[in-house]
Amino acid sequence: MSEINENKVSFSKPTSEDEVAKSEALEAWTNDRSDMLINSPFIGALSMYLELIPVVDHRCMTASTDGRRIFFNPYFLQSLESEEERMTILAHEIWHCGMSHFSRQHGRIEDHEMWNHAIDHEVNSLLKSDGFKIPKNAILYEAHEGKSAEQVFELIKNGEIEMRGQCLDDHSLTNPSMGDDKPGNDGTDGWSTIDVDGEGNITAKYDSDFQPRRSDDVWKEWKAKMMAAAQQCQERGHDLGNYKGKLDEIFASKLPWQEILRQFLTPMFDSTRKWLPPNRRHVHKKMYLPSLRKEKQLRIVIAIDTSGSTTGDIVKTFVSEVFSIVNSFGGYELRLVQCDYSIQGDVIYDEANPFDPEKFELLGGGGTNFHPVFNLIADDDEDPEVLLFLTDGYGDAPKNEPSYPVIWGINEGGIKPASWGKEIEIDIGKNRSKQN
C-alpha cells in the first residue's frame, strides 16, 4: 500500500455503480427482514422499528445504528457468505439497541475499544444461543458465553482476556462534516469508500444519506419497544426461547422500589445499634425484655441529579420515603445534595430539622456530572454509611468504586451509570421496580 499523504485528501460522492449496489443491497436486506418476521418473530418485530439505509461512506465501512436507523455498506453485505450471516448482522444491530449498549458505555469512553469488544461478545453470545450463524473472526469468547458486557469488559481490562476477533459493525457514529481534514481511515478499506493512489493521495466518499442522530432519549424508548414486541409474541403463541432470560434482566418487575430500598437500608441501621441485657427488674415476672441502644448516628447522603431529567415530584417522593424509613429507626443525619454539572444545593437534615416536601425546591437544570458529589464526600472527615443517588444515569461517573456503599436510584427509562454500586429502578407511577 502506498504511503498516505494526509495533506492531499479529496472527497467524492457515491458513483452510479454505488447507487445500484445500494439499491440491490436494500432489497436483499428488506427481504431478509421479512423472512425474519416469520422465522424469528421477536427479532423480526423489533427490526421494523429501524429504517434500513444503505450508504457508501468512509465513516460506515460495515454497519452502524443510531437507535432509529441502521446504516450499512452494500459492499460489506455482499462480502458475507450467506443470507444467514446477513440476518445475523441485522439481529446484531437490533440487540445493541435493545441492550442500550451505547448508553451503558458511560464511564468507559477512554476504553472504548475494550467496551466495543465486550458488547459485541454479549450480542454474539446471545445470537449464537438462538441459532444464528456467527461470521468467521467475529468477537466471541467461548469460555465466557452468557456473561454481560460489563463482566467481559472487566476481564479484558484486567488482562484476563486478550482482545481478539473483529467487530461486526461500526460503534462510533459521528455527524457528517465536509470540513474534516482527513477521513476516518488511513488507507483503502476494501469497501469502495476510500481509495489511495500511487502518490498517497486519498479520495474518501461522503454519502448524503449518512445522517446519524444518536441521542440518549433514543435508548430510553427501546425498553418499551422490547416489551411491546415480547407481549405481541406471547399473545400469538410464539416462544421467546433463549431471549426470555435476557428480557427478564432488562425489564423484570419484582418488588415495589420502596420495599427494595428498605431491604438495602435496614441492615445498615442494625449495624449502628446493639442489644442490651434484659432489665433485672422484670426477671421475677419471668419477663425478659432486652432493649436497644443507639451506638452512633447514621449518616446518609442523598444526591439528586437536577440536570433536567429529574422532576420535583420524583424527588419529593423518593426523599420522603427515605425519611420515612430512617424515622422508624431513630437518630440520623441526612445530607441532601443537589447537583447538575456542579453542586447546586447542600443541606443537612436530622430529627430536629426534618425534611419538608412542601418547602423543597429543585435547584439547577444544566448538564450532568456525577463527579462533584463524590468529590464533595471525599472532602469529609468521615464516609457516610451509604450514598443514595437519584438520577436517570446519563452522565459521567467515576471509574473507581468508593469505599462506602452506593445505591443508584434510576428514573424510569434510565441506565445505571457505573459498573459498581446497587441499582433500584424508580417508577413512581407504577410503584414497582427491579433491582440489580
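The values are calculated or read from the model by the stated rules, or taken from the named source; none is laboratory data. Predicted, not measured: the structure shown is a model, and the values here were computed from it. Neighbour counts are summed over all protein chains in view; Cβ atoms, including those assigned to glycine, are modelled from backbone coordinates with ideal geometry.
Computed quantities for the displayed model
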item	result
Subset of region 309-328 that is surrounded by 21 or more Cβ atoms within 10 Å (Cβ to Cβ) and not in a helix (DSSP H, G or I) - its residue that is modelled with the lowest pLDDT	Ser309
Candidate set from region 125-162 (those that are among the basic types (Lys, Arg) and not in a helix (DSSP H, G or I)); member that is farthest from Ala91 (Cα to Cα)	Lys147
Checking Val283 against (1) at pLDDT below 50; (2) part of a strand (DSSP E or B); (3) among the aliphatic types (A, V, I, L, M), the condition it does not meet	(2)
The listed residue being among the β-branched types (Val, Ile, Thr), surrounded by fewer than 20 Cβ atoms within 10 Å (Cβ to Cβ) and at pLDDT 85 or above, out of Ile348, Ile428	Ile348
Some residue of region 298-308 being in a loop (DSSP other than H, G, I, E, B), at pLDDT below 90 and out of contact with any helix residue (DSSP H, G or I) (no Cβ under 9 Å at 6 or more places or on another chain)	yes
Any hit, region 145-161, residues being among the hydrophobic types (A, V, I, L, M, F, W, C) and more than 24 Å from Ala397 (Cα to Cα)	yes
Pair list, Cβ < 7 Å and 6+ apart or interchain, from region 128-139 residues that are closer than 15 Å to Ile43 by Cβ and assigned by TED's automatic domain parsing to the domain that holds Glu85 to residues that are small (Gly, Ala, Ser) and surrounded by 19 or more Cβ atoms within 10 Å (Cβ to Cβ)	Phe132/Ala91
Test result for Ile38, buried (at least 17 other Cβ atoms within 10 Å of the Cβ), β-branched (Val, Ile, Thr) and under 20 Å from Gly241 (Cα atoms)	no
Residue count for region 140-173, restricted to those that are on the phi > 0 side of the Ramachandran plot and in contact (Cβ under 8 Å) with a residue 12 or more places away in the chain	2
Single unsatisfied condition, Ser16 versus (1) polar (S, T, N, Q); (2) closer than 30 Å to Pro417 by Cβ; (3) without any contact (Cβ under 8 Å) to a residue 40 or more places away in the chain	(2)
Residues (of a type outside the set (Ser, Thr, Tyr), within 29 Å of Arg214 (Cα to Cα), in contact (Cβ under 8 Å) with a residue 24 or more places away in the chain and not in a loop (DSSP other than H, G, I, E, B)) located in region 361-408	Asn369, His371, Pro372, Val373, Phe374, Phe389, Leu390, Asp396, Ile407
Residues of region 223-247 that turn out to be at positive phi and either modelled with pLDDT of 80 or more or not assigned by TED's automatic domain parsing to the domain that holds Trp95 (or both), as a count	1
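Conditions (1) modelled with pLDDT under 90; (2) within 30 Å of the chain's Cα centre (by Cα); (3) in the same structural domain as Asn73 (by TED's automatic domain parsing), marked per residue:
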| site | (1), (2), (3) |
| --- | --- |
| Ser2 | yes, no, no |
| Pro14 | no, no, yes |
| Glu19 | no, no, yes |
| Lys22 | no, no, yes |
| Asp32 | no, yes, yes |
| Phe42 | no, yes, yes |
| Leu46 | no, yes, yes |
| Val56 | no, yes, yes |
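Each row is one residue, and each column tells you yes or no for (1) touching a residue at least 40 places away in the same chain (Cβ under 8 Å); (2) aromatic (Phe, Trp, Tyr); (3) under 28 Å from Ser215 (Cα atoms); (4) part of a helix (DSSP H, G or I).
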| site | (1), (2), (3), (4) |
| --- | --- |
| Ile43 | yes, no, yes, yes |
| Leu52 | no, no, yes, no |
| Ser64 | yes, no, yes, no |
| Ile70 | no, no, yes, no |
| Glu84 | yes, no, no, yes |
| Ile89 | yes, no, yes, yes |
